[in-house]
Amino acid sequence: METSERGRASELFEELGGIVSDGFPAIHSPVHRTGAGTAYLKVPGVVMLAKPRTNVAGLGGFLEGFDPSSGFPAYVDDPTKLPDSSQLCKTSGQLCYMSFGYRRTTNENAAAYFERLTSAGHGSVLEHASFSFLLYGISRSVTHELVRHRAGVGISQVSQRYVSGAVLRFVERPEYQNDPELHAVFEERADRAAAEYEAMADRLLERQEKGAAFLDAEYRTDARKKVQQTARSLLPNETEAPMVFTGNVRALRHVIEMRADEHAESEIRNLAVRLFLCLVTADPILFGDYQLQALSDGTHKVTTKYRKA
Ligand SMILES: Cc1cc2nc3c(=O)[nH]c(=O)nc-3n(C[C@H](O)[C@H](O)[C@H](O)COP(=O)(O)OP(=O)(O)OC[C@H]3O[C@@H](n4cnc5c(N)ncnc54)[C@H](O)[C@@H]3O)c2cc1C
């Protein structure tokens, strides 16, 4: 990644409140409340929960088993330290041609190595490194789009059947936030949705309890589930739907390319830009071909000439 490009990404990461804690980047999202106390968020929160840890030294016993003239054992002593995710993918790619000897691409030239792979569409080695994120401050409509990405991802999303109205929060669309009238209507709608959900849940629970006077513990959980799975039908698309999202680098690159594109829907673009900023902070090499560009409305898009590696 060019220095100016890296600078732009780290500037935006900081501007959006990005922090790095013990090597894990995060961009948190503050919680707001309506006058009546209904909680809502205005931007996506993205927290990197997990990233690869690579044991290069572990290759030693394998590499020492070849002719000493190969120079293979020196592979583990490369003086340039890479992010573990880059190292894992580079080592995996180099195994294909047993490129561990004197003429191998050293870690110093890892960026050029990955450029050769991504420009040729040889993205399978990028599948070895995975990152997991907590995503919150995202609406049910955005997560409906995100879960369309099937290849190379794992998803655990809040269950509206199991959690109660006590954790109900809403997400305000970017378009409403600077328009006093639309903002006020959003807050009214959030209050109304929270109140209607609670009232409906109370009515349903009352009926459920009348039907079964002696509930055992298991049955009580079942009753609550039945109440919530029914009451949720009146929740709007702007209900918050947090998830843990895991993707390998090949899949994550595809999500960024599709969703941080200027034609993507604005809320999911905000999310994809934040995902990119956390990823490029953790590994500036695997995401080093990306360019961040400001759009006329003050938001950003992310592009690369090596799409769909
Ligand atoms: C701007 C925009 C507008 C959209 N509008 C609509 C819309 O109006 N309606 C709608 O339904 N969807 C819409 N989508 C969703 C879109 O059609 C895809 O479902 C979504 O982007 C997931 O991407 P993907 O298909 O590349 O799947 P991913 O799961 O991300 O897969 C990545 C790649 O793996 C390969 N792959 C994955 N699964 C298979 C498979 N089963 N068989 C063969 N190859 C596979 C493909 O090459 C695929 O591109 C829109 C998406 C965007 C970005």
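No lab work stands behind these numbers, since they all come straight from the coordinates. Keep in mind the model is a prediction, meaning the values are calculated, not measured. Cβ coordinates were reconstructed from backbone atoms using ideal geometry, including for glycine residues, and neighbour counts include every protein chain displayed.
Please list, by residue number, every one of the trypsin sites (Lys or Arg not before Pro) in segment 280-309 that is coil in DSSP and has at most 15 other beta-carbon atoms within 10 Å. All intermediate terms of the calculation are to be shown ahead of the outcome.
Values: sites: K301, K305, R307, K308; in loops: K305, R307, K308.
Sparse-neighbourhood loop trypsin sites (Lys or Arg not before Pro): K305, R307, K308.
With just the Cα atoms defining each centre, how far is segment 162-204 from segment 41-107? Give it in Å.
Rounded to whole Å, the Cα centres lie 48 Å apart.
Using the Cα centre as the reference, give the magnitude of the dipole from point charges on the C-beta atoms of segment 56-128 (Lys, Arg: +1; Asp, Glu: -1; all else neutral), rounded to the nearest 20 debye. Walk me through the numbers before you get to the answer.
Values: 5 positive and 8 negative charges, 34 e Å.
Here segment 56-128 has a charge dipole of around 160 debye.
Would you please classify the overall shape of segment 1-43 from the alpha carbon gyration tensor, given that a ≥ b ≥ c denote the square roots of the eigenvalues, rounded means a/c under 1.5, and beyond that prolate means a/b larger than b/c while oblate covers the rest? Provide the component values of the computation, followed by the final result.
Details: a/c = 5.55, a/b = 2.51, b/c = 2.21.
Taking the square roots of the gyration eigenvalues as a ≥ b ≥ c, segment 1-43 is prolate.
List the chymotrypsin sites (Phe, Trp or Tyr not before Pro) in segment 128-205 that DSSP assigns to loop (not H, G, I, E or B) and whose Cβ has at most 16 other Cβ atoms within 10 Å. Which are they?
Values: sites: F131, F133, Y136, Y162, F170, Y176, F186, Y197; in loops: Y162.
Loop-located and lightly packed - Y162.
Roughly how many debye, to the nearest 20, is the charge dipole of segment 1-152 about its Cα centre, given +1 on each Lys and Arg Cβ, -1 on each Asp and Glu Cβ, and no other charges?
On the way: 14 positive and 15 negative charges, 128 e Å.
In debye, rounded to 20, segment 1-152 gives about 620.
At most 13 other Cβ atoms within 10 Å and a DSSP loop assignment: could you name the trypsin sites (Lys or Arg not before Pro) in segment 1-106 that fit?
Details: sites: R6, R8, R33, K42, R53, K81, K90, R103, R104; in loops: K42, R53, K81, R103, R104.
Of the trypsin sites (Lys or Arg not before Pro), the ones in loops of segment 1-106 whose Cβ has at most 13 other Cβ atoms within 10 Å are R53, K81, R103.
Going by average Cβ density within 10 Å per residue, which order do the peptides 116-122, 272-278, 179-185 take, highest to lowest? Numbers along the way, then the final one.
Numbers: 116-122: 14.1, 272-278: 25.7, 179-185: 11.4.
The densest-packed peptide leads the list: 272-278, 116-122, 179-185.
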